[in-house]
Amino acid sequence: MSHSHSNLPQRRHRERLWALWKWPVAMGVLSLVGLLAGLIADGWGDWVSWVGLGAPTAAMLWFGWLRRPAQDS
């Protein structure tokens with residue numbers, strides 16, 4: 001007797017976790033790549049560092065400070 005439906009709640013939980021954490025994980029990996037490139041490489045590493053550290057900073061500025069939610073009237 002197979003219980004294929006028993007994994008359904010666990011799969012939904014995993015999908016919700018991934019939906020919640022995919023962008024913070026992506027920003028963390030991008031920051032880590034930017035930091036390592038800035039420390040290790042020169043020339044092209046400077047550009048990778050600027051992008052790797054600038055993109056998360058720009059996203060935080062946009063979503064945290066510059067973008068205001070619409071106010072109800």
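The values are calculated or read from the model by the stated rules, or taken from the named source; none is laboratory data. Quick caveat: nothing in here was measured; it's all calculated off a predicted structure. A quick note on method: Cβ atoms are made from the backbone with ideal geometry, for glycine too, and the neighbour counts reach across all protein chains shown. Just the protein is used for accessible areas: all its heavy atoms, side chains included, with ligands, DNA and RNA removed. Shrake-Rupley method; radii C 1.70, N 1.55, O 1.52, S 1.80 Å.
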Just how far, in whole angstrom, is the range 30-66 from the range 7-22 if you go by their alpha carbon centroids? 29
Those residues of the range 32-50 whose amide nitrogen sits under 19 Å from the label point placed on Leu17, 7 Å along Cα→Cβ: none
Could you do me a favour and compute the accessible area per residue for the range 19-71, 1.4 Å probe, result in Å²? 83
